Amino acid sequence: VTASSLPIRSRAAIVGTGYTPIVRHAQRSLGTIAADAALAAIDDAGLSRTAIDGYVGTPWGPAGSSSQADGVGYVSAPYLASAIGLKELRFSVDIVGLPSTALEIAVDALSGGLCNYVLLMRAMFSGRSSPEPARERHRAAGPAQFTLPYGLSGGGANFALGLRRYMHEYGATREQLFAVVRAARRHANLNPNAYWYGRTLTLEDYLNARWIVEPLSLLDCDLPVTTAGALIVTTAERARDLRHRPAFVSGFAGTAPGRENVFEVSGVERSQVAVAQIYDGYSPFVWYWLEQLGFCGAGEAPAFSQNGRIELGGELPVNTAGGNLGEGHFQGFGHLREGAMQIMGRCGDRQVADARHCLVAAGQPTGSRSRHATMLSAE
Amino acid sequence: VTQRPLPVEDEDSHPYWEAARARRLELPRCDCCGNYCFPPRPRCPRCLSTALTWTALTGRGKVYSFCVVYQAPLEALEVPYVVAQIELAEQPDLRLIANVIGCEPGQVFIDMPVELEFEELDSDYTLPQFRPAARR
């Protein structure tokens, strides 16, 4: 009997986590940082590296690839396997996609009997960047020929267009949007590893922050950082024999809007979700996701998010480690790791009591680009 | 002087830029379902017909949404500037990206009526742009 005939929740669990300091620019190479995170995760699970026979990496985010070299701007499976001497890999793959997509692949590989212990990796590199200098006249090919000549580029301006329209349709304000940023920054103050740890932010600070692309300011955009994280994923059976309370993977919902939903797949009701990790590359994403996931209706998220409802102690604490806006831009890996840590009961000051189910929403909640919702559950 | 990036036209977009050079806004329109296709492609994404006819548009529209860029992706662009989604009068979901020119960023608003304008980038390229519509 292969595990793929079992319900999703009985297939696999996260049993170890590893991470490294979150900094803007690192003195050490990304390859070394990634190796540290991998070894920490293996150790955290109480395993030795010889047990690791599966690897799923996400060296390139959905938005594109790094032009830098392996071990410098990104870290590939062969690089990491060589760096920490993983000699038993039977299943190893690098994907262009979200960490939660990597988790789904890991669960499938474990269910199909391809391997027993998967190391799931994400390393983020933040270089020192500046606007591209005008050495020669830029040219815009493909879809960009209709946007870049107008100075529209990257995610920020697109999401600023979306936010302006949303604010217009629903009467939402930036004062209301502050609730999302305030929650992220308050939670970051309970996470010593967060970039914004130890720094307070008032409504006045928020409203006075400089514009990047109005109506998005500097504080609505996540912060590019350098860091690495690793998770150990194994079969549900093996998970029960390890040292930590496992975070079982109880459901996925894929990229097709409206076709499936994470609550049906996992059998977990919205009211049972004790805590949520919601991708916040830009602050309004949290609003869009809350609506998309049905925690409130269309246009209701600005009101829903007020009065501490999405903060620790509230009805639905969101991004308890700080998320991208508080912890740093980790392309959804930080969300996945914090979700697992909440279910494992290892979050200390920011632990949500009786957190039996945590929803992790990755990627952009609007448009046709990749999105992913994962439910993590206790036994 | 703002050195805007130049579009690189391809098989699908050549007639679009050719029309712009002649100061017309044209898009492929589906002979079967009447859909205007943007970005221009040789197959209607709504009904999958390949029978399309390049058709001139009135150039009238309104601002669907807009943003004001303060941190430009390229050094060559002078900030701040407005980037807008212009919803064309011909079809509700037909939206082009353009700058709203001929007014201050603070004067732009959602549903603002706009009309077509052309900006010459160089001797080869002319860019469709939009300005506040003249009062009628």
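The values are calculated or read from the model by the stated rules, or taken from the named source; none is laboratory data. This structure is a prediction, so every number in the text was calculated from the model and none was measured. Because the Cβ atoms are built from the backbone with ideal geometry, glycine has one as well, and the counts that use them run over all protein chains shown.
Taking residues in segment B:1-26 that are within 18 Å of B:F38 (Cβ to Cβ), and partners anywhere that are small (G, A, S) and not in a loop (DSSP other than H, G, I, E, B), the pairs with Cβ atoms closer than 7 Å and at least 6 places apart or on different chains are B:P7/A:A140; B:V8/A:A140; B:R24/B:A56; B:L25/B:A19; B:L25/B:A56; B:E26/B:A19; B:E26/B:A56.
Among the residues of segment B:117-136, which ones are in contact (Cβ under 8 Å) with a residue 24 or more places away in the chain, in a loop (DSSP other than H, G, I, E, B) and more than 9 Å from every other protein chain (Cβ to nearest Cβ)? Passing the criteria: B:D124, B:A133. The listed residues are A:A179, A:A144, A:A160, and the only one of them that is small (G, A, S), in contact with a Leu (Cβ under 7 Å, 6 or more places away or on another chain) and either in a helix (DSSP H, G or I) or crowded, with 21+ Cβ neighbours inside 10 Å (or both) turns out to be A:A160. Applying the set (1) among the acidic types (D, E); (2) surrounded by fewer than 19 Cβ atoms within 10 Å (Cβ to Cβ); (3) in a strand (DSSP E or B) to B:D93 leaves exactly one unmet item: (3). Looking across segment B:71-94 at every residue that is facing another protein chain (nearest Cβ under 10 Å) and touching a residue at least 40 places away in the same chain (Cβ under 8 Å), the one that is farthest from B:E117 (Cα to Cα) is identified as B:L74.
Taken over segment B:106-116, the criterion of being more than 8 Å from chain A (Cβ to nearest Cβ) and farther than 25 Å from B:G34 by Cβ is satisfied by B:G106, B:Q107, B:V108, B:F109, B:M112. For segment A:20-57, the set of residues classified as within 25 Å of A:Y195 (Cα to Cα) and in contact with a helix residue (DSSP H, G or I) (Cβ under 8 Å, 6 or more places away or on another chain) consists of A:T20, A:A26, A:G31, A:T32, A:A34, A:A35, A:A38, A:L39, A:I42, A:G57, listed by residue number. Within segment A:281-328, no residue satisfies the criterion of being surrounded by 24 or more Cβ atoms within 10 Å (Cβ to Cβ) and out of contact with any helix residue (DSSP H, G or I) (no Cβ under 9 Å at 6 or more places or on another chain). A:P365 meets each of the listed conditions (1) outside any loop (DSSP other than H, G, I, E, B); (2) touching a Lys or Arg at 6+ places or on another chain (Cβ under 9 Å) apart from (1).
For A:R199, work out the one condition from (1) surrounded by 13 or more Cβ atoms within 10 Å (Cβ to Cβ); (2) closer than 30 Å to A:G18 by Cα it doesn't fulfil. The failed condition is (1).
Among the residues of segment A:139-195, those that are touching a Ser or Thr at 6+ places or on another chain (Cβ under 9 Å), charged (D, E, K, R) and either closer than 21 Å to B:P80 by Cβ or at pLDDT below 95 (or both) comprise A:R164, A:R165, A:R174. Every condition in (1) at pLDDT 95 or above; (2) under 18 Å from the mean Cα position of the chain (by Cα) holds for A:P224 except the one numbered (1).
Look through A:T101, A:T32, A:T50 and report the one residue that is within 23 Å of the chain's Cα centre (by Cα), within 26 Å of A:L242 (Cα to Cα) and either at pLDDT below 95 or not basic (K, R) (or both). Don't jump to the end; show me each part of the working.
Values: A:T32 fails: within 26 Å of A:L242 (Cα to Cα); A:T50 fails: within 23 Å of the chain's Cα centre (by Cα).
Just one listed residue meets the conditions, A:T101.
Identify all residues within segment B:28-50 that are in contact with a Pro (Cβ under 6 Å, 6 or more places away or on another chain) and not in a loop (DSSP other than H, G, I, E, B); write none if there are none. Scanning segment B:28-50 gives a single hit, B:P28.
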